[in-house]
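Student: This structure is in structure tokens; I'll ask about it shortly.
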Amino acid sequence: MILGSLAAALPFYPVNDFGPAMKGMVIGGLGIFHVFLAQFAIGGGLLLCYFQWLGQTGREPHARRFLDGYFKILVLISFVIGALTGVGMWFTTIQVSARTIGVMVDEFHWIWAIEWTFFCLEVAAGYTFLRWGDRLPDRIRLRLLIAYAFAAWMSLFWINGILAWQLTPGGWLDGGGVWAGFFNPSFWPSLLYRTVVAMALAALAAAIVINTMGDLAREDKRRLIVRAAHFLAPMALMAPLGLWYLAVIPADSRSWLLGGSIAMTMFVGIAAGASLLIGGYAAVGLLMQRLYINGATATLLLALAFGATGAGEFVREGARKPFTVRGYLYSNSLTPDEVATLRRTGSVVDDPYPLRDAARYPTAQLQTGAKVYRLQCSVCHTMHGANALTDLAGTWTDAQLRMNIAELQHTKPFMPPFAGDAAEVEAIAQLIRWETAGAPRRWPDTTGDAATLRQIAAWLDEAGTAPGGAPRPAPAAPAAPEAP
């Protein structure tokens, strides 16, 4: 199921550093923009087909002008920029979490190939329509747009399966193979939800574009907007699809979304609230009362949709914690089996990559702590910046630092277990203390403090190596007294 080389080799990669910007924020920010554009391109393709049908059947006299003169350019721009940001996603992911993308490509390389084939068809159909669409008869135009829309949606179909697999790998974990991972428990609710979102984004963007058609009468614009608003009607399915999604994800992930993590719950509320506002306005104002919507209001609604998309992607990513591939790969790119092994051997003993600023650290212990931070912490934390360790743990006492790091998955259940020995716990605890103190040129080395290391080892044993939601290991029975 997984390449043996991935499982056998320790996962050391030359990762990049983004300073005060958390690595997850860099990927997340680019990813939100990419998802927004890609989903709009998918919905836009469907809307193009709809307006072409309206025009060629005589139901809407201005449909073809809207389609040819304005909206098709917007759609093409979106999938060009979407393609560029998609490349950017690959580039940043390889820098930050090479092993995660490696596992995904290793397991789903043929799925990626199929998706890229459909993307090529999407690009070819889109540019063909741009170049020759205005010269083609209506029947051929519609077929070409259907080919474009179908290819765009099929691209979503294949990508969705891989992304959903990260949270709900299903039977793949038990050796079920590629298709068991692809058609996983959250595949269908996620796919249908994204399709509804894509249609809504297209409708809102269309309302903005229609308002730029200055030579059309207000009544003509209103009629076009109402036609586009038909693509907002499926938003009524968002609530049941969201509940379906919540029902199939792991119980601990569901608990974080529904109150266990205030940040996650807040973003769930933002996504749901923004969607409710857009859906309510569409249902009452556009579909029931058939009102005219001006450009400012349409832009505000699209901005709300962008906020809902961002919040939704944050929730999707966060729900996987402490994993990046649920049950197989932790967010720091270590497997559960490797965590257990590295508890005995240490996590950075064989790290071949030197520190870029090794001379900055006054002791070898702090250099070890910096390597531990780089391997285990830096994907989700900075030292001074977003989600900084000095802010989160800088006020803890030495004992708090040591215990909370040693029992990390119980300190914060959405974090992976600490992968390393007692000396590495002490090393990163001293690193956090040193950074909080302003990185002075002199700092005590506590490597030889045997009593402290014994206490840390006891905490590590107490925490175990299972994820935070699992029961703690039973305490060892006290040794029987020796016979006199």
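Every number here is computed from the coordinates shown, using simple stated rules; none is lab data. What you are looking at is a predicted structure, and each value in this text was computed from that prediction instead of being measured. We place every Cβ from the backbone using ideal geometry, glycine too, and count neighbours over all the protein chains shown.
Student: At 37 °C and 0.692 mPa s, what whole-number value in µm²/s does Stokes-Einstein give for the translational diffusion of the stretch 138-183, with Rh from the Kirkwood sum over Cα pairs?
Tutor: 270 µm²/s
Student: Would you mind putting 356-366, 338-348 in packing order, based on average other-beta-carbon counts within 10 Å, highest first?
Tutor: Output ranking for 356-366, 338-348: 338-348, 356-366.
Student: While we're on this one: Going toward the positive end of the dipole of the stretch 334-463, with +1 on Lys and Arg Cβ and -1 on Asp and Glu Cβ, which of Leu453, Cys380, Ile405 do you reach last?
Tutor: Comparing the listed Cα positions along the dipole, Cys380 ranks first.
Student: For the chain, what is the number of Lys pairs with C-alpha distance below 23 angstrom, counting only pairs 8 or more positions apart or on separate chains? Could the numbers behind the result be given before it?
Tutor: Values: Lys23/Lys321; Lys23/Lys371; Lys23/Lys412; Lys72/Lys221; Lys321/Lys371; Lys321/Lys412; Lys371/Lys412.
Total qualifying Lys-Lys pairs in the chain comes to 7.
Student: What ranking do Val196, Val26 get, fewest neighbouring Cβ atoms within 10 angstrom at the top?
Tutor: With the fewest neighbours first, Val196, Val26 line up as Val26, Val196.
Student: Test of understanding: express the Cα radius of gyration of the stretch 165-314 as a ratio to 2.2 N^0.38 Å, with N the residue count.
Tutor: 1.24
Student: Two decimals is fine: what's Rg over Rh for the chain, C-alpha atoms, Kirkwood radius as Rh?
Tutor: Using only Cα positions, Rg/Rh for the chain is 1.06.
Student: Counting other beta carbons within 10 Å of each Cβ, put Asp68, Asp398 in order, fewest first.
Tutor: Details: Asp68 19, Asp398 13.
Least crowded to most crowded, the residues run Asp398, Asp68.
Student: Under the Karplus relation 6.51 cos²θ - 1.76 cosθ + 1.60, θ = phi - 60°, what is the ordered set of whole-Hz ³J(HN,Hα) values for the stretch 258-275, x standing for Gly and Pro?
Tutor: 9, x, x, 10, 5, 5, 5, 4, 4, 6, 4, x, 5, 4, 5, x, 5, 5
Student: Separate question: How many angstrom lie between the C-alpha centres of the stretch 123-163 and the stretch 304-376?
Tutor: Taking the Cα centre of the stretch 304-376 as reference, the centre of the stretch 123-163 is 41 Å away.
Student: Using only the Cα atoms of the stretch 175-264, what are the Rg and Dmax in Å?
Tutor: In order Rg, Dmax, the Cα atoms of the stretch 175-264 give 19.0, 62 Å.
Student: Counting only helical runs of four or more DSSP H residues, what would the 222 nm mean residue ellipticity of the chain come to if each run contributes -39,500 (n - 2.57) and the total is spread over all its residues?
Tutor: After summing the helix terms and dividing by residue count, I get -20500 deg cm²/dmol.
Student: Could I ask something else about it? Evaluate Rg over Rh across the stretch 334-463, taking Cα atoms for both radii and Kirkwood's formula for Rh. Please list the in-between numbers first.
Tutor: Details: Rg = 13.6 Å, Rh = 14.7 Å.
Taking Rh as the inverse mean 1/r over Cα pairs, Rg/Rh reads 0.92.
Student: Give the residue from Phe91, Gly55, Ile111 lying farthest towards the positive end of the charge dipole for the stretch 36-112; charges sit on Cβ (+1 for Lys and Arg, -1 for Asp and Glu) and the dipole is referred to the Cα centre.
Tutor: Gly55
Student: Taking the Cα atoms of the stretch 1-140, what is the range of coordinates along each of the three principal axes, in descending order and whole Å?
Tutor: So the extents along the principal axes, rounded to whole Å, are 64, 37, 22.
Student: Would you mind working out the magnitude of the charge dipole of the chain relative to its Cα centre, with +1 at each Lys and Arg C-beta and -1 at each Asp and Glu C-beta, to the nearest 20 Debye?
Tutor: Charge dipole, the chain, about its Cα centre: 1880 debye, nearest 20.
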